[in-house]
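The values are calculated or read from the model by the stated rules, or taken from the named source; none is laboratory data. If you're wondering where the values come from, they're calculated on a predicted model, not measured in any experiment. Neighbour counts are summed over all protein chains in view; Cβ atoms, including those assigned to glycine, are modelled from backbone coordinates with ideal geometry. The protein model used for the area step is the full one, side chains on, heavy atoms only, and it has no ligands, DNA or RNA in it. Shrake-Rupley method; radii C 1.70, N 1.55, O 1.52, S 1.80 Å.
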Amino acid sequence: MATKKVPFNLQTCARPNILVLEPYRCARDDYKDDGTNILLDANENAYGPALSINGSLAASPDPNDPSVDFLGLNRYPDPHQHELKQLLCNLRNTHVHTQKNITPANLFVGVGSDEAIDALLRCFCIPGRDKILVCPPTYGMYAVSAQVNDVGLVKVPLLPAPEFALDVSTIISTLSGPESSNIKLIYVCSPGNPTGSLIKKADLQKILEHPTWNGVIIVDEAYIDFAQEGSSLAEWVAEWPNLVVMQTLSKAFGLAGIRLGAAFTSPDIASLLNNLKAPYNIPSPTSAIACQALQTAGLNVMRDHRANIVGQRDRLLTELQKIKGIGRLRGGTSSNFLLVEVLNGAGSPDNTTALKVYQSLAQNRGVVVRFRGKEHGCLGCLRITVGTEAEVTRFLTEIEAVISEVWKI
Ligand SMILES: Cc1ncc(COP(=O)(O)O)c(C=O)c1O
């Protein structure tokens, strides 16, 4: 399927050692398990997992008794996760951004999107030489993963006013400048963390169409299901050879504990990421739960919970604005958190006051939020996750009391 013509060339952009990598192969890549084979190829334990149900050991599993199957935990999980990938495609083939369909060949699945963040760095960036471009304020793991991989960081801050947009002209000139050939990846968070703002598709397109830059744009859509319907650009990867869209089941799907993230991209990039990953990176309980969540019943629950969160988000915003000592909402409302200013007695956003409010909430009131005041454009800001109705009610009471206490000191 033809994609847009851009200067991106995978053969010169990805690391040479990754391009020639022979991935690990297991015997089951050659001989598919149809359920009737005796599996003596992977040094597993045919007697079953060391677990018990209702007090009875599952040490001698009866293959006809599903109660002792434990999801087949004594077997290595499926390295390819085709069914899970197909369900993710079904969800994201909305035909809002392209008429093309994405397929499992467009996907990498990992242990949270944190694995995808790291896998992309290892795929494209030569340690000690290459760099990534990030747009602060943004998610902290891009910088942590870059440092772990000895990859440099180029920062082009977001434009705080009015809503933390990309500084497109500075990004474009940076990608034409002297260090541009070593900048391999751009990580853009949309909706942003901690900004809650959706990045404009037209701004991303201008960067995707850069006339000379040979690199990849990664759009991190961890919070996308809290944004307006149709906002996800996952299917747009069918149009661009230089685009990756990351998602996770940790947020709207409420499954942070199973650790399941995904990267949608071209089949060529997906294939490199799949080659370099550990063969059995997705545990079978994780994929079983993820597949449940991505079927109709699970999607309905997700949409119900999302509607509740969006309702509480709107209420939290309205009520916060009535509290003396709370300033402007910074950023947007496309996520499950709000970034708001805390004011000092003189009515200005202030880090000393915000930090005291943050500490007092946690230490004296048992309410933990996040202080973000040291981030670019976030002076005096707290990032508040939207909780249940009761949690929002309690939070509003506590923050109002804490601010008036702090002001008196
Ligand atoms: C923007 C963003 N990306 C990725 C992640 C990590 O997601 P996961 O739980 O899938 O590793 C987070 C978690 O807070 C996040 O805020």
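When L166, L175, L88 are screened for being buried (at least 19 other Cβ atoms within 10 Å of the Cβ) and within 18 Å of the chain's Cα centre (by Cα), only L88 passes.
Test E179 against the stated conditions and say whether it is over 30 Å from F371 (Cβ atoms), more than 16 Å from the ligand (Cβ to nearest atom) and touching a Gly at 6+ places or on another chain (Cβ under 9 Å). In short, yes.
Of S173, S180, S169, which residue is of a type in the set (S, T, Y) and closer than 21 Å to L121 by Cα? Before you say what the answer is, go through the steps one by one.
Working: S173 fails: closer than 21 Å to L121 by Cα; S169 fails: closer than 21 Å to L121 by Cα.
The match here is S180.
Listed by first and then second residue, the pairs linking a residue in the stretch 13-39 that is modelled with pLDDT under 90 to a residue that is part of a helix (DSSP H, G or I), with Cβ atoms under 8 Å apart and 6 or more places separating them unless they lie on different chains, form an empty list.
For K251, state whether it is within 14 Å of the ligand (Cβ to nearest atom) and either over 30 Å from E341 (Cβ atoms) or among the charged types (D, E, K, R) (or both). So K251 passes the test. In the condition set (1) within 25 Å of N281 (Cα to Cα); (2) open to solvent by less than 30 Å² (accessible area, probe 1.4 Å), M141 is compliant with all but (2). Evaluate the stretch 365-377: report whether one residue or more is open to solvent by 70 Å² or more (accessible area, probe 1.4 Å) and in a strand (DSSP E or B). The answer is yes; a qualifying residue exists.
Number of residues in the stretch 92-121 that are within 16 Å of the ligand (Cβ to nearest atom) and open to solvent by 30 Å² or more (accessible area, probe 1.4 Å) equals 4.
In the set L339, L355, L317, L379, only one residue is in contact with a Ser or Thr (Cβ under 8 Å, 6 or more places away or on another chain) and without any contact (Cβ under 8 Å) to a residue 40 or more places away in the chain; that residue is L317. Selection of helices (runs of 4 or more DSSP H) fully inside the stretch 236-341 by the criterion of at least 2 residues being open to solvent by 20 Å² or more (accessible area, probe 1.4 Å) and under 24 Å from V386 (Cβ atoms) returns 296-320. Looking at I269, I217, I289, which one is of a type in the set (V, I, T) and either in contact with an Asp or Glu (Cβ under 8 Å, 6 or more places away or on another chain) or within 20 Å of N300 (Cα to Cα) (or both)? Being of a type in the set (V, I, T) and either in contact with an Asp or Glu (Cβ under 8 Å, 6 or more places away or on another chain) or within 20 Å of N300 (Cα to Cα) (or both) holds for just one of I269, I217, I289, which is I289. Out of the residues in the stretch 192-235 that are farther than 28 Å from L338 by Cβ and open to solvent by less than 10 Å² (accessible area, probe 1.4 Å), state the one that is nearest to the ligand (Cβ to nearest atom). Result: V216.
Restricting the stretch 127-138 to residues that are under 23 Å from G196 (Cβ atoms) and open to solvent by 10 Å² or more (accessible area, probe 1.4 Å), which is nearest to the ligand (Cβ to nearest atom)? Among those that are under 23 Å from G196 (Cβ atoms) and open to solvent by 10 Å² or more (accessible area, probe 1.4 Å), it is T138.
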